[in-house]
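Notes follow the structure.
Just so it is clear, none of the values below were taken in a lab; they were calculated from the coordinates. Treat the numbers as computed from the prediction; the structure is a model and nothing was measured. Neighbour counts are summed over all protein chains in view; Cβ atoms, including those assigned to glycine, are modelled from backbone coordinates with ideal geometry.
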Ligand SMILES: [Fe+2]
């Protein structure tokens, strides 16, 4: 049975309930909860995707990338027989951008801007710290830390390589064509 916290967060991140291991699902929520405590947002749906894109929620990007990555993995498996760990794709997808919660904020003119932490700490690092504190292993930390072009180290895990394309696809299309 999922924890009360998973039930609550799954209203915004429905793929939490695709995780078969309830402890992993709860630990993912722990990372989000710890990050939200440090943020200006009252609840998860207030967190934003990127500076200048006030209308795009962070959860819409996370949900889109998880679904895109799962679809991609199934298609590549169908045609090439490559096996992917879907549980790992979902867990990583749910965690990969959680530090965006603290990377953007509204300034005095109600403009969404990069926060001080975003200007000082490389994307992925705060997510990895909180993932470590919530019990995630070095493979998951590697995936989080290397998913950004800011990282000099590139992903070495199949699911992370696949996820990178889904993440970039959603990011690029939203940046170009979303209403903002
Ligand atoms: Fe992302």
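222 nm [θ] for the chain, helices only, -39500 (n - 2.57) per DSSP H run of 4+, per residue, to 500? List each step's numbers first, then the result.
On the way: 9 runs with 102 residues, N = 180.
So the helix-based figure for the chain works out to -17500 deg cm²/dmol.
Return the distance in nm (one decimal) between the two label points of a simple spin-label model at residue 22 and residue 161, each offset 7 Å from Cα along Cα→Cβ.
Reported label-point gap for residue 22 and residue 161 is 3.7 nm.
Let's test the formula: R0 of 30 Å, r as the Cβ-Cβ distance of residue 152 and residue 110. What FRET efficiency results, to the nearest 0.05? Numbers along the way, then the final one.
On the way: r = 36 Å, r/R0 = 1.20.
Taking R0 as 30 Å, the efficiency between residue 152 and residue 110 is 0.25.
Over the residues of region 97-169, compute the C-alpha Rg and express it relative to 2.2 N^0.38 Å.
Values: Rg = 13.6 Å, N = 73, 2.2 N^0.38 = 11.2 Å.
Against the compact-globule rule of thumb, the ratio is 1.21.
Starting from the eigenvalues of the Cα gyration tensor, five times each then square-rooted, give me the equivalent ellipsoid semi-axes of the chain, largest first, whole Å. Intermediate values should be presented prior to the final figure.
Details: eigenvalues 120, 73, 52 Å².
After diagonalising the Cα gyration tensor, the semi-axes are 24, 19, 16 Å.
Do you know the relative contact order of region 12-102, to the nearest whole percent, from alpha carbon pairs under 8 angstrom that are 6+ apart? Display every interim value, and only then the final one.
Values: 90 pairs, mean separation 38.2, N = 91.
Value for region 12-102: 42 percent.
Calculate, in nm to one decimal, what residue 119 and residue 42 gain on full extension: separation in residues at 0.36 nm each, minus their alpha carbon distance.
Net length gain for the segment: 25.5 nm.
Taking Cα pairs under 8 Å and at least six residues apart, what relative contact order does the chain come out at, in percent? Display every interim value, and only then the final one.
Details: 239 pairs, mean separation 43.7, N = 180.
Result for the chain is 24 percent.
Need one number for region 23-64: average projected area of the convex hull over its C-alpha atoms, nm².
Values: hull surface 13.1 nm².
Hull-based average projected area comes out at 3.3 nm².
Separation of region 69-114 and region 18-58 by C-alpha centroid, Å?
Here the two parts' Cα centres lie 12 Å apart.
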